[in-house]
Amino acid sequence: MPESYVPDESYVPKEAIGHGDGGTAALAIGEAESLERPPGAPPPGAGPPAGVPLGKPRSLWSDAWHDLRRNPVFVVSALVIVFLLVIAVWPQLIATGNPYRADLSRAQQGSQPGHPFGFDTQGRDVYTRVVYGARASITVGVCATAGVALLGSLLGGLAGFFGGWWDTLLSRLADVFFGIPVILGGLVFLSVVTSSTVWPVVGFIVLLGWPQIARIARGSVYTAKQNDYVQAARALGAGNGRLLLRHIAPNAVAPVIVVATIALGTYIALEATLSYLGAGLKPPTVSWGIDISTASTHIRGAPHMLLWPAGALSLTVLAFIMLGDAVRDALDPKLR
């Protein structure tokens with residue numbers, strides 16, 4: 001008697017492949033993807049073609065520059081600042097007159113041909129003095145910001161990296177300087193200085209401005225040194241100097257740059273305030289603060305003497321603050 005035939009349960013006929021519920025759905029999805037995919041395009045999930053290198057990942061600074069170039073606030077403020085820097089270095093490009101030349105017969109007169117901003121109480125051209133006044137204000141702002149950033153970053157970075165008694169000493173010293181009123185301290189400190197240059201004002205701003213940057217740098221360095229790549233570099237034998245310069249500083253400097261950029265505009269306004277009160281820059285230095293102080297008593301009879309230097313000061317401060325805000329938005333990962 002022949003043996004009975006027992007079919008193999010694992011065998012599936014060809015005509016049954018892809019015709020079940022799951023097979024029909026997969027076939028439909030595959031056909032839809034093939035129709036939507038352009039000719040020559042790789043299938044979904046496929047890697048790059050052979051021989052094509054992978055793109056290099058962009059750093060924080062590359063991403064920030066990519067965002068800044070497309071930010072109209074940054075573009076406008078940067079153009080204004082570049083213009084101010086140019087006229088601060090070469091004021092004769094747009095002002096051919098002498099800011100010290102006086103003609104009392106034209107005192108407090110308004111706009112005239114060749115003198116669009118009018119004249120001050122001594123008959124000096126207001127337009128020329130506004131242009132030349134940018135040099136003193138920009139010099140004070142840039143030099144003070146550089147000094148504050150360097151001193152504050154150095155002290156704050158060392159305190160955040162080493163900690164201990166150095167951190168405690170710096171924190172208590174910073175508290176002492178934070179307790180000194182800026183305007184009152186400037187009046188007392190600069191009242192005994194007879195120099196008419198910008199350096200006493202720069203030194204005073206650096207003296208009272210470094211604690212703010214130091215606290216920012218301390219927090220950034222303290223946070224950066226906790227990262228795994230710093231611990232790995234330390235385990236591989238990297239010294240303190242290499243850790244600070246190669247691994248920590250590049251990743252902790254962004255907050256310092258943001259705060260320093262915004263503070264630059266504040267320092268320019270502080271110089272103008274001290275000069276207005278008679279404790280900052282002194283004649284014969286051409287300064288917006290000095291001209292505003294001179295014009296404040298003639299606001300009703302000759303308002304142009306006050307409006308033009310005050311407008312130039314406001315535009316400069318606003319440009320630097322807007323630049324700092326744009327840089328902050330580009331460098332802050334939380335805002336992406």
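The values are calculated or read from the model by the stated rules, or taken from the named source; none is laboratory data. Being a predicted model, the structure only gives us computed values, none of them experimental. Quick reminder, even Gly has a Cβ in these numbers, built from the backbone with ideal geometry, and neighbours come from all protein chains shown. The protein model used for the area step is the full one, side chains on, heavy atoms only, and it has no ligands, DNA or RNA in it. Shrake-Rupley method; radii C 1.70, N 1.55, O 1.52, S 1.80 Å.
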Quiz item: Could you give the nm distance between label points at LEU93 and THR223, where each point is 7 Å from its Cα heading toward the beta carbon?
Solution: 3.8 nm
Exercise. Write down Rg/Rh for the stretch 113-156, rounded to two decimals, with Rg from the C-alpha atoms and Rh from the Kirkwood relation over Cα pairs.
Key: 1.35
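Taking a quarter of the surface of the convex hull around the Cα atoms of the stretch 89-162, what do you get in nm²?
Its average projected convex-hull area is 6.5 nm².
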Quiz item: What order do THR197, THR316 take when sorted by accessible area (1.4 Å probe), most exposed first?
Solution: THR197, THR316
Practice problem: Kindly state, as a whole number, the per residue volume in cubic angstrom of the convex hull around the alpha carbon atoms of the stretch 197-336. | Solution: 124 Å³
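Within 11 Å, Cβ to Cβ, of TYR132, how many net charges do the neighbouring residues add up to if Lys/Arg are +1 and Asp/Glu are -1? The partial results should precede the final answer.
Working: positive: ARG124, ARG129, ARG135; negative: ASP125, ASP291.
With Lys, Arg at +1 and Asp, Glu at -1, the neighbours total +1.
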Exercise. Quantify, in whole percent, the carbon and sulfur part of the accessible surface of the stretch 202-336 (1.4 Å probe; protein heavy atoms only).
Key: 63 percent
Self-check item: Cβ-based net charge around GLN109, under 12 Å, with every Lys or Arg adding one and every Asp or Glu removing one
Solution: -1
Practice problem: Assign one of three labels to the stretch 123-269, namely rounded, prolate or oblate, based on the Cα gyration tensor with a ≥ b ≥ c the square roots of its eigenvalues; rounded applies when a/c is under 1.5, prolate when it is not and a/b is larger than b/c, and oblate otherwise. | Solution: prolate
Quiz item: Per 5 Å bin from zero, what fraction in whole % of the C-alpha pairs of the stretch 253-336 is there, up to the bin with the longest pair?
Solution: 3, 15, 19, 17, 14, 10, 8, 6, 4, 2, 0
Practice problem: Please compute the net charge surrounding THR168, taking Lys and Arg as +1 and Asp and Glu as -1 over other residues with Cβ under 15 Å from its Cβ. | Solution: +1
Self-check item: Burial order of peptide ranges 301-308, 288-295, 119-126 (average beta-carbon count within 10 Å, highest first)
Solution: 288-295, 119-126, 301-308
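With a 1.4 Å probe and all protein chains left in place, how much of the accessible area of the stretch 124-196 comes from carbon and sulfur atoms, in whole percent?
Details: 2580 of 3390 Å².
That share works out to 76 percent.
Provide the packing ranking of 66-77, 209-220, 272-283, i.e. peptides ordered by the mean count of other C-beta atoms within 10 Å per residue, highest first.
Ranking, from highest mean packing down: 209-220, 272-283, 66-77.
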Quiz item: Per residue Cα convex hull volume for the stretch 123-181, in cubic angstrom?
Solution: 81 Å³
